[in-house]
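Asker: Next up is a structure, given as structure tokens.
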Amino acid sequence: MPEIITDEHTHKARVSLWDSRAETLCGKTFKQGMYKTPWVYGGTDCTDCKKAKAAGKKL
């Protein structure tokens, strides 16, 4: 699952090929231009994404 970087945290997310909208594992949605994709994937620091992954949620 790819990661995205916002102003606050790094999230696990699925990016739409249609409109480049990113939907995160914790339920947030970001429009194109509101996030960046990292060059190197190193893990997330969003606590809500970590909790959702531990609970077994998938995108």
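Asker: If I model a spin label at Tyr41 and Val15 as a point 7 Å from the Cα along the Cα→Cβ vector, what separation in nanometres do I get?
Answerer: Reported label-point gap for Tyr41 and Val15 is 1.2 nm.
Asker: Contour minus end-to-end for Ile5 and Glu23, with contour as 0.36 nm per residue of separation and end-to-end as the Cα-Cα distance? Walk me through the intermediate numbers first.
Answerer: Values: separation 18, 0.36 × 18 = 6.48 nm, distance 1.23 nm.
The Ile5-Glu23 span can extend by a further 5.3 nm.
Asker: Hey, what did the chain get for relative contact order, percent, Cα under 8 Å, at least 6 apart? Don't skip to the end; give the middle numbers.
Answerer: Working: 89 pairs, mean separation 21.1, N = 59.
That works out to 36 percent.
Asker: Charges at C-beta only: +1 for Lys and Arg, -1 for Asp and Glu. How large is the resulting dipole of the chain about its Cα centre, in Debye rounded to 20? Mind dumping the intermediate values first?
Answerer: On the way: 11 positive and 7 negative charges, 56 e Å.
So the dipole magnitude of the chain works out to roughly 260 debye.
Asker: Can you quote the Å³ per residue value for the convex hull of the Cα atoms in the chain, rounded to an integer?
Answerer: Details: hull volume 4.6 nm³, N = 59.
Value for the chain: 77 Å³ per residue.
Each reported figure results from applying straightforward, stated rules to the coordinates on display, with no laboratory input. Quick caveat: nothing in here was measured; it's all calculated off a predicted structure. Heads up, the Cβs are rebuilt from the backbone with ideal geometry, glycines too, and the neighbour counts pull from every protein chain shown.
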